[in-house]
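Here the structure comes first, spelled out in structure tokens, and everything after it is commentary.
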Amino acid sequence: MQFLPKNQVLTLEEIALLADLFIARGVTKIRLTGGEPLVRRDIGDLVRRIGRHLGQGLDELTLTTNATRLDVHAQELFDAGVRRVNVSLDSRDPDRFADVTRGGRLDQVFAGLDAARAAGLAVKINMVALKGINDDEILPMLRWCDSQGFDLSLIETMPLGDTGEDRTDHYLPLTQVVDGIAAQHPLTPIAHRTGGPSRYHAVAGMRARLGLITPLTRNFCADCNRIRMTCEGKIFMCLGHEDHVDFKAALREGGLDAVQPLVDRALRLKPAAHDFRIGANAPAATRRHMSVTGG
């Protein structure tokens with residue numbers, strides 16, 4: 001999570017105004033992500049402000065969270081019109097979870113998941129598949145999700161940010177993972193979509209749907225119609241590129257009228273595909289970490 005001077009971060013009113021603009025321009029789905037969106041003090045007000053558009057141009061408002069504060073906000077999110085959340089969870093082992101998250105507490109996540117269920121929020125677990133770290137937990141995670149009434153999306157690790165290590169050490173192609181799962185639970189592709197890149201499968205003997213996010217083994221760029229706005233008002237058209245358009249200065253100096261041409265510019269700059277590569281000494285596609293723009 002970035003901690004920036006207040007004048008560098010968009011205010012609630014500025015975010016809401018930009019959301020108004022995007023919806024007027026045809027955006028029908030908005031996802032609040034991070035970093036961690038639930039640490040923002042005014043998150044409830046922001047969700048309510050954007051949620052007023054539901055059914056009036058906006059089809060869906062969702063959230064991606066680490067769930068550590070979901071127990072506080074779950075009912076508030078539901079009351080504002082949120083109906084599902086994505087929860088990042090790479091391990092259910094407390095020690096492993098603490099290591100992957102640099103000190104996170106698994107009990108807080110479970111409390112958040114319980115609160116989400118009680119509030120009526122549908123939950124999808126997002127799990128990054130990491131060779132040598134959590135590959136032994138993938139099938140148990142799927143079975144646990146099924147027992148909890150959650151869906152599961154598996155994600156290939158992406159070369160974002162300078163981590164100081166060779167990403168090939170932990171890269172796990174989901175083609176290998178799927179083979180292992182299908183050997184015990186046959187998979188059937190289904191048409192279910194949630195606005196993201198997950199390609200979903202029905203799992204024999206389970207209610208849980210399995211989503212696969214495969215930026216490397218099965219590129220999904222041709223279907224991508226998303227842009228991402230940071231808390232500083234920078235619009236990134238692709239996770240795998242540094243190109244961006246800065247809305248903040250234009251908004252503060254000239255209002256929404258000054259932002260309108262920048263929206264057109266951003267859409268024109270959207271690349272055909274990302275530059276993700278995994279291999280010996282392959283550099284990160286961008287030095288920008290995922291936490292800056294979200295998934």
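Laboratory data are not the source of any read-out in this text; all were calculated from the coordinates shown. Everything quoted here is computed from the prediction, not taken from an experiment. Every residue, glycine among them, receives a Cβ derived from its backbone with ideal geometry; neighbour counts consider all protein chains shown.
Annotations
- Working value for the stretch 36-79: equivalent-ellipsoid semi-axes of 19, 10, 9 Å, each the square root of 5 times a Cα gyration tensor eigenvalue, largest first.
- Pairs of lysines in the chain whose Cα atoms sit within less than 24 Å of one another amount to 9, provided the residues are eight or more positions apart or on different chains.
- Square roots of five times the Cα gyration tensor eigenvalues for the stretch 43-105, Å: 29, 11, 8
- Sites matching chymotrypsin sites (Phe, Trp or Tyr not before Pro) across the stretch 1-85 that sit in DSSP coil, with at most 10 neighbouring C-beta atoms within 10 Å: F3
- A Cβ-based charge dipole, computed about the Cα centre of the chain with Lys and Arg at +1 and Asp and Glu at -1, lands at about 640 debye.
- The stretch 1-89: GluC sites (Glu not before Pro) in DSSP coil with no more than 10 other Cβ atoms inside 10 Å: none
- Potential lengthening between D95 and R265 on full extension [0.36 nm per residue; Cα-Cα distance subtracted]: 56.6 nm
- Coupling constants for the stretch 96-102 follow from the phi torsions by the Karplus curve (6.51 cos²θ - 1.76 cosθ + 1.60, θ = phi - 60°), and in residue order they are 5, 4, 4, 5, 5, 9, 6 Hz; glycine and proline get x.
- Taking amide H atoms as placed 1.01 Å from N in the peptide plane, the amide H of A122 lies under 5 Å from those of R84, V85, each 5 or more residues away in sequence or on another chain.
- Note on the stretch 73-165: the alpha carbon radius of gyration divided by the globular reference 2.2 N^0.38 Å gives 1.15.
- Percent of C-alpha pairs per 5 Å bin, the chain, short to long: 1, 5, 11, 15, 18, 18, 15, 10, 5, 2, 0, 0
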